[in-house]
Amino acid sequence: MKMKMIFVTSNSGKVEEAKKYFFPLGVQVVQKKIEYPEIQANTLEEVAEFGINWLKDRIESPFFLDDSGLFIDALKGFPGVYSAYVYKTLGNDGILKLLKGVENRKAHFKSVVAYYDGELHIFTGKTRGKILHEKRGTGGFGFDPIFQPKGFNKTFAEMTTEEKNRISHRGKAFKVFSEWLKENLI
Ligand code: ITT
């Protein structure tokens, strides 16, 4: 398969993951940085769908975007849909502070990848794990240094992009996405 897909995102960490994932499948991923409105909504799916509808008349298809978030059990799912804002304001240190003395460290990441080719297609992935008591590792981006996926002794920030892609929320969403692409397009 030989095709090109536009990934609308300002986050170069996401692009790195997508390139590493799709390149071996013969799909070229090209980043396009266009700020699109991220509405306040209850689910990542709604945020992603609004973004697609806003972008579809402004850029050429096919393109995709990713809306993701970190959901912490002890904080009733916070920061969830507010993850980007919370990362910018509180950061990893702020999250660690919020969880000081909190025993239940369970959390999960969720990723919603929305693809538009004249129609909207949504692919999701989820990875469970826990929030550590301190930051570890320098790879990845965002909340990676404080998140340790279940069954591993390393944080996402201590993994290579390939390792993270194999088990991450976004890697899982990309997998479903690529299987769909294989069946439907290429
Ligand atoms: P976009 O331009 O693609 O929207 P963004 O970084 O603002 O880039 P989101 O709106 O999806 O991304 O916000 C998700 C937030 O959660 C953001 O702060 C990310 O850093 C963080 N996040 C998402 N996926 C992550 C991952 O795999 N590892 C660590 N943090 C992640």
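Nothing in this text is a laboratory measurement; each read-out follows from the coordinates by a stated rule. Note that the structure is predicted; figures quoted are calculated from it, not measured. Quick reminder, even Gly has a Cβ in these numbers, built from the backbone with ideal geometry, and neighbours come from all protein chains shown.
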TODO: Treating only the Cβ atoms of Lys and Arg (+1) and Asp and Glu (-1) as charged, compute the dipole magnitude of the chain about its Cα centre; round to the nearest 20 debye.
DONE: 680 debye
Task: Overall dimensions of the chain by Cα: Rg and Dmax, Å - done: 16.3, 51
- [ ] Give me the angle, in degrees from 0 to 90, between the Cα long axis of helix 169-184 and the longest principal axis of the Cα atoms of the chain, rounded to the nearest 10.
- [x] 20 degrees
Task: Orientation-averaged projected area, Cα convex hull of the stretch 109-186 (nm²) - done: 5.6 nm²
Task: Coordinate range along principal axes, alpha carbons of the stretch 14-89, Å, largest first - done: 41, 30, 21
Open item on the list: Under 10 Å, Cα contacts only: if you run a Gaussian network model on the chain, which one of Lys126, Lys172, Lys150 comes out with the highest mean-square fluctuation?
Closed with: Lys150
Task: Cβ-based exposure ranking for Glu103, Glu119, Glu38, in which fewest neighbours within 10 Å come first - done: Glu103, Glu119, Glu38
TODO: Return Ser83, Ser111, Ser12, Ser61 ranked ascending by Cβ neighbour count within 10 Å, so the fewest neighbours appear first.
DONE: Ser12, Ser61, Ser83, Ser111
TODO: Give me the angle, in degrees from 0 to 90, between the Cα long axis of helix 44-55 and the longest principal axis of the Cα atoms of the chain, rounded to the nearest 10.
DONE: 40 degrees
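I want the antiparallel fraction of DSSP beta bridges within the chain, as a percent rounded to 5.
75 percent
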Task: Cross-link reach list, lysines versus Lys19, counting only Cα pairs under 22 Å and skipping chain neighbours closer than eight places - done: Lys2, Lys4, Lys32, Lys33, Lys110, Lys126, Lys164, Lys172, Lys175, Lys182
Task: Efficiency of FRET from Cβ geometry, Asp73 and Asn53, R₀ 35 Å, rounded to 0.05 - done: 0.65
- [ ] For the chain, with a Gaussian network of springs between Cα atoms less than 10 Å apart, report the residue from Pro62, Pro24, Pro145 with the top mean-square fluctuation.
- [x] Pro24
Open item on the list: For a quick check, take a GNM of the chain with Cα springs below 10 Å and name the residue from Gln28, Gln40, Gln148 with the largest mean-square fluctuation.
Closed with: Gln40
